[in-house]
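Readers should treat all values here as calculations from the given coordinates under stated rules, not as data from a laboratory. Values in this document were obtained by computation on a predicted structure and should not be read as measured data. Neighbour counts run over all protein chains shown; Cβ positions are idealised from the backbone, glycine included.
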Amino acid sequence: MELTRREFLRYTAGAGAGTALGGIVGLGLALTPARAKAQQLRIKGSRTVPSICPFCSVGCATLIHVKEGEIVNIEGDPRSPHNEGTLCPKGANTLQLHHNPHRVKQVMWRAPYSDRWDVKPLEWAMDRIARLVKKTRDEGYREKNEKGQYVNHVLNMGSLGGATLDNEENYTIKKLMSALGFVQVENQARI
């Protein structure tokens, strides 16, 4: 069997790491207390704020640790009957929502057939959405059906809610969509 230099380095590094780890475990050394101590140092002096994970409809409870106005840690709340202190991979990375340098924090708009994104003010985006909703609603609005019965509905628009919406948000969205005459109002949880 011919062994390349790269394979030799890979195997020896793996064997060395395995031997070192085996030696540590064999001596009775456990890394768990060191990890717990590092965690305690990171959140020492922070204020704990209970919250809910924003990702899905389960509503896992979280504990957010805030120090000097900055979020320093997010973990599962062990008091919660839903998740008992555990979080799924997405929930465990909720901290990235706050500290991701690639997160877009402004309105980005790409005109039809354009090859670039433009930064627009929030007011411009809200006005544009309101105008387009009004225009589309007016185009599809039906006051009466074929039998002459009042229906006051819109069939050319719909609403699909996501699983991260809570009951209050779903209630408000349903009320708004019904007021606009929407018939197709769904939620991801039912599909």
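Approximating the spin labels as points 7 Å out from Cα along Cα→Cβ, the LYS105-to-HIS153 distance works out to 4.4 nm. Structural size metrics of the chain, computed from C-alpha coordinates, are Rg and Dmax of 26.8, 86 Å.
In terms of other Cβ atoms within 10 Å, MET157, MET108 run from fewest to most in the order MET108, MET157.
Taking amide H as placed 1.01 Å from N in the peptide plane, VAL151 has its amide H under 5 Å from the amide H of LYS144, ASN145, each at least 5 places away in sequence or on another chain. Structural size metrics of the range 107-190, computed from C-alpha coordinates, are Rg and Dmax of 16.0, 49 Å. A helix-only calculation puts the chain at -12500 deg cm²/dmol for mean residue ellipticity at 222 nm, using -39500 (n - 2.57) for each DSSP H run of at least four residues, averaged over all residues. The slack in the chain from GLU139 to SER57, taken as 0.36 nm per residue of separation less the alpha-carbon distance, amounts to 26.1 nm.
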